[in-house]
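Read through the structure below, which is laid out as structure tokens, and then see the notes.
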Amino acid sequence: MGQFRGVDLDDLELVGDRLVLRPWQSDDAARVHKAMQDQRMHQFLALPNPYTAVDARRFVTEIATIPRADGTGLDCALIERGTGRVVGSASLRLGGDPEIGYWVAPDAQGHGFAAEASRVLAEWAFELDMPRVRLACDVRNLASARTALAAGFRFEGVTRNGVTSPGGGWVPERRGDLARFARLPADPTCRVPYAFAPFPEEGLTDGVLRLRVMEADDAATLSETDDDLTVKWGFTGQPSPPDDVRRNAARAGLDWLVGTTASLSMVDVATGAVAGSLRLRKPGPPQVGGIGYVVHPAFRGRGYTTRALRLLAPWAFDVADFARLELGAKVGNDASLRAAAAAGFEPDGVRRRRLRNPDGSFSDEVRYALINPRYA
């Protein structure tokens, strides 16, 4: 008999508002097999591919039963109350810091089932006086990150090259950068708000340029923006390491949810090529946004920075409720300052010896700002 802290796990069922979390049964195999035929289920899970009916039966009759039997975990089928259909899976690994994992069948996604299951499992753990429950996902798995926040889990950081999905048998484990979340018993149970307001999925465009959330595949092109001119106006005298560019692009969507920087790619509408990047940062004071930008050498001289700033400002003011947008450049970086002025930003003073030069000296920073008319 599998027990944990005196609780019999073998037949334990937990009940939520819409779900029953129960042990897996042999009759569930067909439903698991059907769900795993969708290739999207294989993006972040280490699974046999193709996933056969034999694999599904082995999961529900062997793999998912072991943790309950030996007292190391609670693997549950998620059953929709009323219909009785299997909508997904959730597990709670016990011992140390308990950890939650989940998946939801493709035809049941978008209804908050994983978030509900995570809340139910966390509350059960807290009833047994567990001091903390954690959750982790690949930084690119934004659906899972949104689930964590919806279930009241708070973002704690990123682990580089961690195990994102354990393998088994001939299926190798998956590794990647891991976003880590956790809940404590005293934490509020409500949804954790996103760091930035949602950006339109299709982006913002004026017909020539499109601004959209930065994507992992943008990294190679973004590395090319660090040419001699960019390095000249930078701080270190060196281009950004390609691995840093890759990691930052891969976690751009996550940062939009939990970070202090919203990273956008400028896309040339005519060619679909990435023409540069723009970053909106939260420097500290509430409702103040700091902007930085760089344009790919192939697209300089076309006024793309000005276009990007003009596209960003209405969204930042009307949707994201920023009261003030500000930016700066070193004295002498006239192209950057002209772009700001052309976008309607106004001179906002000079900060003496503020920006480091590659040789270790410091340059004055010329500041520009744009004020939300609602707060002017």
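Which residues among the range 85-99 fall inside the zone where the amide N is under 17 Å from a point 7 Å beyond the Cα of residue 38, along Cα→Cβ?
85-90
Along the Cα-to-C-beta direction of residue 52, a point sits 7 Å from the Cα; which residues of the range 14-39 have their amide N less than 18 Å from that point?
29-38
Quick check on the chain: helices-only [θ] at 222 nm, where DSSP H runs of length 4 and up contribute -39,500 (n - 2.57) each and the sum goes over total residues. Nearest 500, please.
-7000 deg cm²/dmol
Semi-axes, largest first, in whole Å: what does sqrt of 5 times each Cα gyration tensor eigenvalue give for the chain?
They are 47, 21, 19 Å, listed largest first.
Determine the share of the chain's accessible area contributed by carbon and sulfur atoms, expressed in whole percent, with a 1.4 angstrom probe.
Whole-percent figure for carbon plus sulfur exposure: 51.
Highest first, please rank the peptides 43-56, 272-285 by the mean number of other Cβ atoms sitting within 10 Å of their residues.
272-285, 43-56
Report, in whole Å, the centroid distance computed from the Cα atoms of the range 338-376 and the range 12-89.
So the separation of the two Cα centres works out to 55 Å.
Is the range 150-277 rounded, prolate or oblate when judged by the Cα gyration tensor, a ≥ b ≥ c being the square roots of its eigenvalues, rounded requiring a/c under 1.5 and prolate requiring a/b larger than b/c?
Taking the square roots of the gyration eigenvalues as a ≥ b ≥ c, the range 150-277 is prolate.
Could you compute Rg(Cα) / (2.2 N^0.38 Å) for the range 313-376, with N its residue count?
In units of the globular-protein estimate, the range 313-376 measures up at 1.27.
Sorted by mean Cβ packing within 10 Å, highest first, what order do the peptides 302-315, 166-179 take?
Going from most to least packed, we get 302-315, 166-179.
Need the full-extension length gain, residue 371 to residue 97, defined as separation in residues times 0.36 nm minus the C-alpha distance. One decimal, nm.
Separation in residues times 0.36 nm, less the Cα-Cα distance, equals 94.0 nm.
Can you list the lysines whose alpha carbon is less than 26 Å from that of residue 232, not counting same-chain residues fewer than 8 positions off?
Once the sequence-local lysines are set aside, what remains near residue 232 is 282, 330.
Tell me which of 271, 230, 83 sits at the most positive position along the dipole axis of the chain, charges placed on C-beta atoms (Lys, Arg +1; Asp, Glu -1).
Result: 230, furthest along the dipole toward the positive end.
So, in Å, what gap is there between the alpha-carbon centers of the range 201-220 and the range 262-327?
So the separation of the two Cα centres works out to 10 Å.
Give the accessible surface of the chain per residue, rounded to a whole number of Å², with probe radius 1.4 Å and ligands, DNA and RNA excluded.
Dividing the accessible area of the chain by its residue count gives 49 Å².
If you plug each phi of the range 20-32 into the Karplus form 6.51 cos²θ - 1.76 cosθ + 1.60 with θ = phi - 60°, what whole-Hz ³J(HN,Hα) values come out, in order, with x for Gly and Pro?
Using θ = phi - 60°, the values come out as 10, 9, 10, x, 5, 10, 4, 5, 7, 4, 4, 5, 5 Hz.
In terms of the Cα gyration tensor, with a ≥ b ≥ c the square roots of its eigenvalues, is the range 62-213 rounded because a/c is under 1.5, prolate because a/b exceeds b/c, or oblate?
Prolate shape, in that a/c is at least 1.5 and a/b is the bigger ratio.
The values are calculated or read from the model by the stated rules, or taken from the named source; none is laboratory data. Computed from a prediction, not measured in an experiment: that's the story for all the values here. All Cβ positions, glycine included, derive from the backbone under ideal geometry; neighbour counts span all protein chains shown. These accessible areas exclude ligands, DNA and RNA; they are computed on the full protein's heavy atoms, side chains included. Shrake-Rupley method; radii C 1.70, N 1.55, O 1.52, S 1.80 Å.
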